[in-house]
Every structure is written in C-alpha cells, then in structure tokens.
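One structure below.
Please treat every number below as a calculation from the coordinates, not as lab data. Computed from a prediction, not measured in an experiment: that's the story for all the values here. When we count neighbours, we look across all protein chains shown, and the Cβ atoms used for this are built from the backbone with ideal geometry, even at glycine.
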Amino acid sequence: MSDDSLIRLRDALRAFAAERAWEPFHTPKNLAMALTGEVGELVEHFQWLTPEESAALGPEQRDAVALEMADVLLYLIRLADVSGVDLAEAAERKIAINARRYPADEVRGSARKSTR
C-alpha cells in the first residue's frame, strides 16, 4: 500500500465522519476501543481452526475475513489521523527497528522473541 493509498483512505474517512458529524466521537480512546473490537471480530474467524485450516479458507470465509481486515485498517487509519501520526512513516521506522532487533543471520528459521 502506497502513501497515496493511505492518504486517499484517510481523506475518505475524514469525509465520511464529517458527513455524519461523528468527529466528536472519534477520539483516540474511542477509536482505539473500536479497533480492538474489530480485531476481536477478525480473530473469531480463525478461532479453533488448525493452522492448515486457517491457511486454506474458502471463498466465503476469505471474503468475510477481508472485510474484517478492512475494518481494522480503517479504524487504524482514522486513529492515526486524529492522533496526528504519520502511519506510513511510523511503519517504516518500526520495520527498521525490527531489522536491528532481529538480524536475519541470527534469527532465520526461529520464532523466538528477541531479548534485545
């Protein structure tokens, strides 16, 4: 996803909220709570599935998961917007931090948590 895509989504969400006069409700706290709820709805689709089943969703399940992922993404973009966070920059910075924390030659093939 490009910065332009994030900006287009941010602007569409701003307009969507403004058309409904929802800005007073879109506080960081409320958006973070809504985001958490949506993540829970996403997780429900995978609950009790085996790893193999979770990787082989049927078309209907995959579509439902895609829509939940979209909800998560949209709330995250809106939260970043009202919080003044450049989400693309923060993500790039976090990838760089993780690259230092998990050097490929040291962690390849391991799922252990870093102690750094």
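Assorted remarks:
- Over all Cα atoms in the range 1-62, the spread is summed up by Rg and Dmax: 16.2, 44 Å.
- In degrees, nearest ten, helix 3-19 long axis to first principal axis of the chain (Cα): 40 degrees
- Multiplying the residue separation of Ala66 and Ala104 by 0.36 nm and subtracting their alpha-carbon distance yields 10.7 nm.
- Electrostatic dipole magnitude of the range 37-77 [Cβ: Lys, Arg +1; Asp, Glu -1; Cα centre; debye, to 20]: 100 debye
- Phi-based couplings in Hz for the range 56-68 (Karplus 6.51, -1.76, 1.60; Gly and Pro marked x): 10, 5, x, x, 5, 5, 4, 5, 5, 5, 4, 5, 5
- Remark: the Ala56-Asp11 segment gains 12.8 nm on full extension, using 0.36 nm per residue and subtracting the alpha carbon distance.
- Among Phe46, Ala91, Ser114 the positive-end extreme of the charge dipole of the chain (Cβ point charges): Ser114
- Zone residues, the range 81-103, relative to Thr115, backbone N less than 20 Å from point 7 Å out along Cα-to-Cβ: 98-103
- Whole-number D in µm² s⁻¹ for the chain, Kirkwood Cα-pair radius fed into Stokes-Einstein, 25 °C, 0.890 mPa s: 147 µm²/s
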